[in-house]
Amino acid sequence: MELGVNVPNFGPGADPGRLRDWAQVVEGLGFDLLMVSDHVVITPDVAAQYPAPFYEPFTALSWLAGVTRRVRLGTTVLVAPYRHPLLVARMAANLDALSGGRLVLGVGAGWAREEFAALGAEFEERGRSTDELLRTLRATWEDPGYRCGRIPLWVGGHSDAALRRAVRFGDAWHPLRFTMPWFEERAGRLAAVAAAEGRPVPALAPRIVLRVTAADLAERRAGEGSIDQVVGDLARLRRLGAASVLLDPFGGDPEETRRPEDAWRALAAVAARRKEIA
C-alpha cells in the first residue's frame, strides 16, 4: 500500500521555500505521494478554511517536480468546473511529461459557491461538468500529440453520484476525512454500484486526517489518536484493500503553516512504523 502526504499549499506560512522543505521531508521519509489542494479565487468561503496565499496546484506541482526526484505528485482534488477540460488535459499531460510520469490527478466537483460565482462557473451543474472533464481527459490523452502515459485519475466525493462517477471514469475512489465505520460502509456501496454498472470496482485511495495524540482517543476519525491507533487504522485500510492512503496533517489553524515541525514529527512517527502497516 502506498502512503502519501497532503502538503498545505496555502496559508500565512506558505512560500516557495516552505513548499520545498515539505517536499524534502516527504521524499526523505520515504513517502510515495505528495499532493496539494486546489482553489483559484480565495473568496470568503474558501478563506475560512484555506487562507491566502494559495499556490495554484499545477504551478505548485511544477515547482515541486523540479525539487524532487522520486515521489509521485498529485491533486487532492482539482475542482473540475474551474477550468476548461482541454486546458486541464494539456496542463496535466505536460506536467506528467516534465516530471517523468509522476502525476496523479485527483478530481472533484467542488463545494465553494462564492468561488464558483467569481469564476463564472455553474454551481448547480458541477456534477455534469465533472463528468465532462473526466470523459474529455480520457478521450484526449489517447491522442499521440499529448505524449502522456496513463495518468491515474482519482475521483473524490462521498455521495452516490460521486461513487458512480468513480466507477465510470476513475482509476480510484478518493474520499476525504472520515470514520472507519463510514468508510467500510461506503466501500461496500462502491462495490455494489460497480456491480450494477457492470464495471470493475475502482481502487481505494482515501485521504485521512493525521493527528497524533499522547493517549488513545475514544471518539475519532481515521488517522486521529495515539500512534498505535493511527498505525492500526492504516493496517485496517490495507486489509480493506486500499491501494494508496494520503495523510492530511493540517488541523485547520492557519498558524500551523508557519510551524510545520509538529506535522513533520507525526509523519516521521508513521514512517518509522511502516513495516507494521505493509
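The values are calculated or read from the model by the stated rules, or taken from the named source; none is laboratory data. Only a predicted model underlies this, so the values are computations on that prediction, with no experimental measurement involved. Ideal geometry is used to build each Cβ from the backbone, glycine not excepted, and the neighbour counts take in all protein chains shown. Just so you know, the surface numbers come from the protein's heavy atoms only, side chains and all, with ligands and any DNA or RNA stripped out. Shrake-Rupley method; radii C 1.70, N 1.55, O 1.52, S 1.80 Å.
Counting each DSSP H run of 4 or more residues in the chain as -39500 (n - 2.57), what helix-only mean residue ellipticity at 222 nm follows after dividing by all residues, to the nearest 500 deg cm²/dmol?
-13000 deg cm²/dmol
How far, in nm, would the chain grow between R138 and A278 when pulled straight, counting 0.36 nm per residue and subtracting the alpha carbon separation?
This chain segment gains 47.2 nm when fully extended.
With every atom except the alpha carbons ignored, what do you get for Rg and Dmax of the range 93-181, in angstroms?
When restricted to Cα atoms, the range 93-181 yields Rg and Dmax of 14.5, 45 Å.
Label points 7 Å out from Cα along the Cβ direction at R177 and V41: separation in nm?
2.3
By what distance, in whole Å, do the Cα atoms of the range 1-82 stretch along each of the three principal axes, largest value first?
So the extents along the principal axes, rounded to whole Å, are 36, 26, 19.
Any idea of the accessible area per residue across the chain, 1.4 Å probe, to the nearest Å²?
Heavy-atom accessible area per residue stands at 42 Å².
Given the Cα-Cα distance of A243 and R128 and 0.36 nm per residue of separation, how much length would full extension add, in nm?
Length gained, A243 through R128: 38.6 nm.
For the peptides 75-85, 18-28, 168-178, 213-223, what is the packing order when you average, over each peptide's residues, the other Cβ atoms within 10 Å and list the highest mean first?
75-85, 168-178, 18-28, 213-223
More than 19 Å apart: what percent of Cα pairs in the range 144-267 qualify?
53
Give the separation of the Cα centroids, the range 9-66 to the range 124-168, in Å.
Their Cα centres are 23 Å away from one another.
Roughly how large, in nm² to one decimal, is the mean projection of the convex hull of the alpha-carbon atoms in the range 12-52?
Over every viewing direction, the Cα hull of the range 12-52 projects on average to 3.4 nm².
What is the diffusion coefficient of the chain in µm²/s, taking the Kirkwood radius over Cα pairs and the Stokes-Einstein relation at 4 °C with a viscosity of 1.567 mPa s?
Answer from the Stokes-Einstein relation: 68 µm²/s.
Taking θ = phi - 60°, what integer Hz values does the Karplus form 6.51 cos²θ - 1.76 cosθ + 1.60 yield along the range 35-46, in sequence order, with x for Gly and Pro?
So the J values, rounded to whole Hz, are 10, 10, 8, 10, 8, 10, 10, 8, 6, x, 5, 6.
Using only the alpha carbons of the range 50-139, determine the length spanned along each of the three principal axes and report them from longest to shortest in whole angstroms.
Its Cα atoms span 40, 35, 16 Å along the three principal axes.
Compute the FRET efficiency between R20 and A271 as 1/(1 + (r/R0)^6), taking r as their Cβ-Cβ distance and R0 = 25 Å, and round to the nearest 0.05.
0.85
For S226 and E56, calculate 0.36 nm times their separation in residues minus their Cα-Cα distance, and state this gained length in nm to one decimal.
Net length gain for the segment: 57.9 nm.
Based on the Cβ-Cβ distance from A195 to R258, what FRET efficiency comes out when R0 is 45 Å, to the nearest 0.05?
The formula returns an efficiency of 0.40 here.
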